[in-house]
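The values are calculated or read from the model by the stated rules, or taken from the named source; none is laboratory data. Bear in mind that the values here come from a model prediction, so they are computed numbers and not experimental data. Cβ placement follows ideal geometry from the backbone for every residue including glycine, while neighbour counts extend to all protein chains displayed.
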Amino acid sequence: MKPRAWTERMLDLRLLGIFCAVYEERSFSRAARLYITRPTVSGHIKALEERLGARLFDRLGREIRPTAVGDVLYEQARGLPALRRAIAERVGQFLGRLEGESRLGVSAIPGEYLLPAILRRFQQAHPRVRATVIIADTERIIEEVERGRVELGIVGARREHRNLGFQAFATDRVILVAPRDRRWAHVRTLSLAELRDMPLLIRERGSGTRAVLERALSERGYRLSDFTIVAELGARAPSSTP
C-alpha cells in the first residue's frame, strides 16, 4: 500500500527524536535541555501533530500525557535517533573517516572546568564530528547513558551501577569556602564537630559533589542532617515543570 502524503512528510528524524525525548521525559522543559529551548520543542511537537493530523500529548495544566496516537508513534520511533547516528558512523567508517554526531552528557563541574579543553582537542582531531552536549547533574547524566540517549557521560562521582562501567580519568578536591570576615576563614582545618553549627550551602540531590560529601561523612559516622544546611544549589530543574 502506498503511504499517504502526510506520512512521507512527517518522517523527519529530528522531529521524531524530539518527540521521543518529550515522551520519555513527560516534560517539554526537560526535553529542551537535551535538544533546544522549550518554546522550540513545543513548536516542533505542534508541527508534528499538524503533519499527522492528530494530537500526540494531552496538556493537563502543568502535566503532559501521551495520547493513544503518541503511544503508537513512540513504539515505532524510539529507535530512530540511535539509528540515525549509527548510519552516519557506519558510512563514515566505510569512507575511511570519522564523522557524524556524538552526544555527550556532562555534569556541572566537569562541564564547566574540564569539557571545553577536551572538546577543543577532540574537534581538532576529528573536525567532521559534531558534538552535542547535555549539562545536568550526575544522577541525570547516568540515567541518560543508561537509556542510550547519550553515548558517553562525564560525571563528578562514581556510582554503583549494574549496567554501566565507570573509569576515573581526573581527580579533584572538595574544600570548604567561607567569607573572609568569619573567624574560621583563617584556619587551615576544622573538625566535623566544629562544622555542625555553621550555616552550610551545599549542592542539590543528584550531584556528584554531594554524593562524595555524603559518603565521606558516612565513613566518619555523620549524616548531612547532623549539620545546619541553609540552602541547596544546583542545575536540576523541578521535576513537576512540563
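Somewhere in region 5-19, is a residue at pLDDT 75 or above and either hydroxyl-bearing (Ser, Thr, Tyr) or exposed (fewer than 12 other Cβ atoms within 10 Å of the Cβ) (or both)? Among the residues of region 5-19, not one is at pLDDT 75 or above and either hydroxyl-bearing (Ser, Thr, Tyr) or exposed (fewer than 12 other Cβ atoms within 10 Å of the Cβ) (or both), which makes the answer no.
Only residues that are more than 18 Å from residue 151 (Cα to Cα) and either touching a strand residue (DSSP E or B) at 6+ places or on another chain (Cβ under 9 Å) or β-branched (Val, Ile, Thr) (or both): list them for region 102-113, please. Correct list: 109, 112.
Taken together, 155, 129, 174, 145 contain a single residue that is hydrophobic (A, V, I, L, M, F, W, C) and farther than 24 Å from residue 214 by Cβ, which is 129.
Can you tell me which residue among 194, 143 is surrounded by 12 or more Cβ atoms within 10 Å (Cβ to Cβ) and either farther than 19 Å from residue 102 by Cβ or not hydrophobic (A, V, I, L, M, F, W, C) (or both)? 143 is the lone residue from the list that is surrounded by 12 or more Cβ atoms within 10 Å (Cβ to Cβ) and either farther than 19 Å from residue 102 by Cβ or not hydrophobic (A, V, I, L, M, F, W, C) (or both).
Is it the case that residue 170 is exposed (fewer than 13 other Cβ atoms within 10 Å of the Cβ) and over 30 Å from residue 41 (Cβ atoms)? In short, yes.
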